[in-house]
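Novice: The following block contains the structure, expressed as structure tokens.
Each value in this text was obtained by applying a stated rule to the coordinates, not by laboratory testing. Since the structure is predicted, the reported quantities are computational estimates derived from the model, not experimental observations. Counting neighbours? That spans all protein chains shown, and the Cβs are built from the backbone with ideal geometry, glycine included.
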Amino acid sequence: MRLQYIEPFPQLRGIVNKMWLFESSGRAPSEDMKMIVPDGMAKLTIPFRNGVSGKNKNYFHLSKESKITLIGIQDIPAIVDLEYDAPHGNIGIEFSPLGTYRIFHLRQAELKNKLFLLEEVMDKSARAIQEIIADAEKIDKKIQLIQAYLVRLLAQSQPDLILDYCIRQIENSKGLVTVTELERKTGYSSRWLYEKFIEKVGISPKNLSSIVRFNQIYERWTKNSGPNPFKGDTKEDIYYYFYDQAHFIKDFNRFTGFSPMKFVRSENEFGRIFYKD
């Protein structure tokens with residue numbers, strides 16, 4: 001497996017969190033869970049060689065080669081696999097929470113924990129760009145085309161300043177800011193903030209904060225190999241981000257489907273690769 005990060009166009013900085021080119025010679029080993037955990041960000045994938053599937057406990061979607069797929073914000077784990085055990089290539093784009101609503105002018109809660117062909121949820125321009133990208137022979141050209149398309153969509157929207165402020169507060173505090181604090185800092189009620197987040201982020205501010213906190217530990221785990229990665233500095237972080245051990249285990253189970261120790265004894269190299277520098 002090979003992952004190469006791509007620098008987004010300047011216009012997309014802050015909107016696109018990460019952009020990458022992923023290539024592999026075939027499926028990951030059968031013992032690999034191929035699990036992607038929630039990170040609070042919607043994504044686009046463009047499999048230009050070999051299709052790719054995604055499933056969670058409620059949903060399954062197969063993206064055929066050259067079909068652009070929109071993955072809504074997730075708060076449950078998903079399993080990713082290739083359509084065939086053959087060489088695969090995929091362009092991936094991860095959108096920041098304050099970027100998703102600017103690009104995809106949709107009610108984000110309706111996309112939550114689901115995958116759609118982009119042409120199913122967007123206007124006819126989605127099918128047109130899909131065909132243009134499919135016809136482009138060079139990967140660099142495909143990457144340029146999808147970014148130019150995103151820039152055009154971005155130009156059709158304006159930032160929601162209150163929402164963006166709240167999202168940045170959650171991100172900057174690493175998920176520790178409370179809804180009560182957001183109420184005090186913005187002057188808006190928790191109900192108003194909840195509806196705003198459901199519409200434009202897809203999940204509540206409390207849920208997004210939980211995912212952000214979880215990822216502080218999960219990302220550390222991906223870079224800390226060994227029989228017990230939840231020790232030392234990581235253990236101290238657990239008690240910084242969570243009320244107690246029970247709170248941590250509950251959220252970890254929610255976002256992975258496993259207890260922490262059972263999860264670390266499992267193989268998930270596919271999921272790890274997206275957190276490596």
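Novice: Using just the Cα positions, wrap region 24-70 in a convex hull and report its mean projected area in square nanometres, one decimal place.
Specialist: 4.0
Novice: Can you pull out the GluC sites (Glu not before Pro) in region 10-65 whose DSSP state is coil and whose Cβ has at most 14 other Cβ atoms within 10 Å? Numbers along the way, then the final one.
Specialist: Working: sites: E23, E31, E65; in loops: E31, E65.
Hits after loop and neighbour filter: E31.
Novice: Let me know the charge dipole size of region 161-275 about its Cα centre in debye, to the nearest 20, where only the beta-carbon of Lys, Arg (+1) and Asp, Glu (-1) is charged. Before the final figure, lay out the partial values.
Specialist: On the way: 18 positive and 14 negative charges, 24 e Å.
Computed charge dipole of region 161-275: roughly 120 debye.
Novice: Can I ask one more? When only alpha-carbon atoms count, how far does the chain stretch along each of its three principal axes, as whole angstroms with the largest first?
Specialist: Extents along the principal axes, in whole Å: 53, 47, 33.
Novice: Which is farthest toward the positive dipole end of the chain among Q216, I146, S24, measuring Cα position about the Cα centre, with Cβ charges +1 (Lys, Arg) and -1 (Asp, Glu)?
Specialist: Q216
Novice: A follow-up question, please. With point charges of +1 on the Cβ of Lys and Arg and -1 on the Cβ of Asp and Glu, referenced to the Cα centre of the chain, which listed residue (I76, Q169, I273) lies farthest in the positive direction of the dipole?
Specialist: Q169
Novice: Right, here's the next one. What does the highest-first list of 200-212, 131-143, 258-270 look like by mean Cβ count within 10 Å? Before the final figure, lay out each step's value.
Specialist: Values: 200-212: 22.4, 131-143: 14.0, 258-270: 15.8.
In descending order of packing, they fall as 200-212, 258-270, 131-143.
Novice: Give me the Kirkwood hydrodynamic radius of region 161-275 in Å, from all C-alpha pairs, to one decimal place?
Specialist: 15.3
Novice: Can you give the Rg to Rh ratio for region 2-154, taking only C-alpha atoms and Rh from Kirkwood? Show your work: numbers first, answer last.
Specialist: Details: Rg = 14.5 Å, Rh = 15.6 Å.
Reported Rg/Rh (Cα atoms, Kirkwood Rh): 0.93.
Novice: Per DSSP helix of 4 or more residues, -39500 (n - 2.57); summed, then divided by the residues of the chain. What does that give at 222 nm, rounded to the nearest 500?
Specialist: So the helix-based figure for the chain works out to -12500 deg cm²/dmol.
Novice: What is the packing order of peptides 97-104, 188-195, taking the mean over residues of other C-beta atoms within 10 Å and listing the highest first?
Specialist: 97-104, 188-195
Novice: Hey, another quick one. Based on Cβ point charges of +1 for Lys and Arg and -1 for Asp and Glu, what charge dipole magnitude is obtained for region 41-122 about its Cα centre, in debye rounded to the nearest 20? Could the numbers behind the result be given before it?
Specialist: On the way: 10 positive and 9 negative charges, 43 e Å.
So the dipole magnitude of region 41-122 works out to roughly 200 debye.
Novice: Over the Cα atoms of region 1-86, each weighted equally, I'd like the Debye log10 I(q)/I(0) at q = 0.19, 0.23, 0.26 Å⁻¹, rounded to two decimals.
Specialist: Here the Debye-derived log intensity ratios amount to -1.00, -1.39, -1.56.
Novice: Placing +1 on the Cβ of each Lys and Arg and -1 on the Cβ of each Asp and Glu in the chain, which of S189, A109, F9 has its Cα farthest towards the positive end of the resulting dipole?
Specialist: S189
Novice: Based on the mean of other beta carbon atoms within 10 Å per residue, what is the order of 246-254, 85-93, most packed first? If you can, show how the numbers build up before the last one.
Specialist: Values: 246-254: 16.0, 85-93: 18.9.
Going from most to least packed, we get 85-93, 246-254.
Novice: Shifting gears a bit: Under 10 Å, Cα contacts only: if you run a Gaussian network model on the chain, which one of N58, N215, N17 comes out with the highest mean-square fluctuation?
Specialist: The residue with the greatest mean-square fluctuation here is N58.
Novice: Give me the dipole magnitude in Debye, nearest 20, for the chain about the Cα centre, with unit charges on the beta carbon: positive for Lys and Arg, negative for Asp and Glu. Walk me through the numbers on the way to the answer.
Specialist: Values: 40 positive and 35 negative charges, 70 e Å.
Using only the charged Cβ atoms, the result is roughly 340 debye.
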